[in-house]
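Accompanying notes for the structure given below.
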Amino acid sequence: MKRRFAVAGFSLAVVLSCGTLPAVAADSVTTADTTVSAAPDVDVNKVKAHLNELSAIAGRNGGNRRSTGQGYDDSVAYVKGRLQAAGYTVTEQPCTSGCTSGAGPNLIAEWPGGDAGNVIMFGAHLDGVSAGPGMNDNGSGSAALLENALTLAQQNPAMRSRVRFAWWTDEEQGLNGSDFYVRSLSSTERARIKAYYNFDMVASTNGGYFINHITSSAAAPMKAYWDSLGLQPEENTEGAGRSDDYSFEQYGIPTSGYAMGASARKTSAQAAKWGGTAGSGYDPCYHRSCDTLTNINTTGLDRAADGIAYTLWQRAVETGTGGGECDTAGVVGNGGFESGTSPWTGSTGTIGAHAGQPAHTGTRSAWLGGNGSTSTESISQTVTVPAGCSQASLSYWLHIDTDESGSRAYDRFTVKAGGTTLATLSNVDAGSGYVQRSADLSAYAGQTVTLTFTATEDYSLRTSFVLDDVSVRSG
């Protein structure tokens, strides 16, 4: 990741650090979306083996892999050799305008199969700064991407979309390699790229779990995977406009990606949920000589590598049966309410972190009702149920507590799909904790429908309906 300076046209890359984070095995993920199990578990030891090679390359070339040096050219040769041996069509693209004089080429690799008019692209910058070997910035993203490419080749699944990988030159000097690549494409070629995913510093030692454009449709599978690990990811505000995804954004191509943070400081709230040291930078070795193999957080690297694989399989691999793909990841946006209020509409003031009403997961929920007076509060979101889902369901967690008594329903909670009521609950259903509930959405496969949750209270005695973790699932 590059660092912005006030001097026009000059920038340097950002290094992420890795810290002691809670260990969750990536291959232990369970979810009702059966395509999760289809995505392979990327071997983090193989990712680290690529880092060892990049470190050795830097060691042989003055201690760095700067875009204008032999260390970068040797890095390109290593990645290219591994990809060609795996069966990729690999192209070195010289950067003939906009790059630092003497900068090496971009490296582009495409896997055969899938719709060439529907390209899903994954990228990471391969160059580093001159101060050190750049193991986190950005050996981590480059190595995770390489092992994902090799894993795809080894698995060789049937492809729905075309997958293209890129390792960028001259990112540290201003995103120059990726900018040249996108500028060089025709408008028709750009339109074929349906999403670009960027991975810049994914092993920070005091890092967090950040996603670019976390509430976007492009980010949905990335967020779904990290959500399944209970990581409560946040928006990558520090990295906005500072890495190669920005080159694609400039041309209207949807983007997302993983990062673990650079020089910004970890907050106390982030330390509480992710571990590490509050008040310290995410990467203490950012752009320094100590960005070596000891500056790599294996746990974070593993989670990023597996999340890339999950995203690739969701977006590009043919895993559906009959009638199309049943990919339910991200159908409901911001279903855990952790990322503001969008795309929910209606009584969005009910969404937030509520004292006395803990969330089911994370820190935020939607607290409908609880007023103790005549009121109606409602939140809605329009979703599209995938056409390939012969069976689909709406899943949500609901906690009901009340001051009412007896078996009469005074205060009600309704769930609707369009104008159809899927469920009705009331103060009679109150309990001590959250209950997972579901409703059948199979009839809406291939359709766009508005989901609405409404709490209605009468004139006295409150009933709270606290909603969290809304999703659409297959089956």
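How high is the relative contact order of the chain, in percent, with contacts defined as C-alpha pairs under 8 Å that are six or more residues apart?
Here the relative contact order equals 17 percent.
Indicate the gyration tensor shape class of the range 85-188 (rounded, prolate or oblate), computed on the Cα atoms with a ≥ b ≥ c the square roots of the eigenvalues: a/c under 1.5 is rounded; otherwise a/b larger than b/c is prolate and the rest oblate.
Numbers: a/c = 2.50, a/b = 1.39, b/c = 1.80.
In terms of gyration-tensor shape, oblate.
For the range 52-141, the per residue solvent-accessible surface stands at 34 Å², with DNA, RNA and ligands left out and a 1.4 Å probe.
On the protein heavy atoms, probe 1.4 angstrom, tell me the percent of accessible surface of the range 251-399 carried by carbon and sulfur. Walk me through the numbers on the way to the answer.
On the way: 2680 of 5320 Å².
Using a 1.4 Å probe with all protein chains present, the range 251-399 comes out at 50 percent carbon and sulfur.
Averaging the Cα positions of each part gives two centres, and for the range 186-223 and the range 350-414 these lie 30 Å apart.
Helix-derived [θ] at 222 nm for the chain: sum -39500 (n - 2.57) over DSSP H runs of at least 4, divide by residue count, nearest 500? Could the numbers behind the result be given before it?
Numbers: 10 runs with 108 residues, N = 475.
It comes out at -7000 deg cm²/dmol, rounded to the nearest 500.
The calculated FRET efficiency for residue 101 paired with residue 318, based on their beta-carbon distance and R0 = 41 Å, is about 0.40. A Förster radius of 41 Å, combined with the Cβ-Cβ distance separating residue 185 from residue 371, puts the computed FRET efficiency at roughly 0.15. Computed from label points 7 Å out along Cα-Cβ, the spacing between residue 156 and residue 355 is 6.2 nm. The protection proxy used here, the mean number of other Cβ atoms lying within 10 Å of each residue, ranks peptides 233-241, 105-113 as follows, highest first: 105-113, 233-241. Rounding to the nearest 10 and keeping the result within 0 to 90°, find how far the Cα-based axis of helix 298-316 lies from the longest principal axis of the chain. Between the helix axis and the principal axis of the chain, the angle is about 80 degrees.
Helix 70-86 sits at what angle to the longest principal axis of the chain, using alpha carbons and giving 0 to 90 degrees rounded to 10? Rounded to the nearest ten degrees, it is 60.
Compared with the dominant Cα axis of the chain, that is its longest principal axis, helix 44-60 is turned about 30°.
So, with a 1.4 angstrom probe, what is the percent of accessible area on the range 89-191 that is carbon and sulfur? Walk me through the numbers on the way to the answer.
On the way: 1340 of 2960 Å².
The value for the range 89-191 is 45 percent carbon and sulfur by accessible area.
Extension gain, residue 116 to residue 77, is 11.4 nm, computed as 0.36 nm per intervening residue step minus the present C-alpha separation.
The values are calculated or read from the model by the stated rules, or taken from the named source; none is laboratory data. Since we're looking at a predicted model, the values are computed, not measured. With ideal geometry, Cβ positions are generated from the backbone for all residues, glycine too; neighbour counts draw on all protein chains shown. Remember, those area values only see protein heavy atoms, side chains included, never the ligands or the DNA or RNA. Shrake-Rupley method; radii C 1.70, N 1.55, O 1.52, S 1.80 Å.
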